[in-house]
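Structure record follows, encoded as structure tokens.
Read the figures in this text as sums done on the coordinates, not as results from a lab. Everything numeric here is computed off the predicted structure, so don't read it as measured data. Here Cβ is always computed from backbone atoms with ideal geometry, including for glycine, and neighbour counts include all displayed protein chains.
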Amino acid sequence: MALVEMVIDSVRQAMLFNEWVVVLKEKTAERYLPVYLDSSHADIIKKALCDQRCSEPAIAGPSRTEISQILSMAESVSLIIDRFQDGVFHAKLLVTWRGELYPFDCPLGKALALGVKAGARIFAEETVLASAGIGAQA
């Protein structure tokens, strides 16, 4: 299990399909991982990156306030993109609290939105980058 640290390079609207794409870049190299998201998750990520408050609810289940409280008590939060299967990314949100590691399977859009708000480090499995990543041309 080789993990590669990623950073958010950009959040863009894909003009042809009216979808949003978050472009993740390998932290120490020139490989990219484009991830398509719905507009609500993209909005959360854009606002979190700009330190703005999100106005409308976009995540079903526990409220963002409850999730934010849980994540604020965590010792660390990491996001791992662990699979790319049938054109869909799968992710785990890893939360360390009181010395215990709690992994949560989570759709990638939600994991990115929550992870960015929590200041999580983002990782991708090498196998995911090999199958879905894009290398920069020299």
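So here's what we get for this one:
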| quantity | calculated |
| --- | --- |
| Packing-based ranking, highest mean first, of 95-107, 77-89, 13-25 given that Cβ atoms within 10 Å are counted | 77-89, 13-25, 95-107 |
| In Hz, Karplus ³J(HN,Hα) per residue of segment 83-100 (6.51, -1.76, 1.60; θ = phi - 60°; x = Gly, Pro) | 8, 10, 9, 6, x, 10, 7, 10, 9, 10, 9, 9, 10, 9, 9, 6, x, 9 |
| Global geometry of segment 3-135, whether rounded, prolate or oblate, following the gyration tensor of its Cα atoms and the 1.5 cut on a/c | oblate |
| Ranked by how many other beta carbons lie within 10 Å on average, peptides 5-12, 116-123 from highest | 116-123, 5-12 |
| Residue-span extension gain [S131 to V21] - 0.36 nm each, minus C-alpha spacing | 37.8 nm |
| Net +/- balance of residues flanking R83 in space, Cβ distance below 14 Å, scoring K and R +1, D and E -1 | -4 |
| Potential extension, K47-R98 segment - 0.36 nm per residue separation minus Cα distance | 15.4 nm |
| Cut-off under 5 Å, modelled amide H: who pairs with W97 long-range | E75, Y102 |
| Charge tally in the Cβ shell below 12 Å around D9, where Lys, Arg are +1 and Asp, Glu are -1, D9 excluded | +2 |
| Under the Karplus curve 6.51 cos²θ - 1.76 cosθ + 1.60, θ = phi - 60°, whole-Hz ³J(HN,Hα) for segment 106-113, x wherever Gly or Pro sits | 8, x, 4, x, 5, 4, 5, 4 |
| Hits among lysines - C-alpha to C-alpha of K110 under 21 Å, sequence gap 8 or more where chains match | K25, K46, K47, K92 |
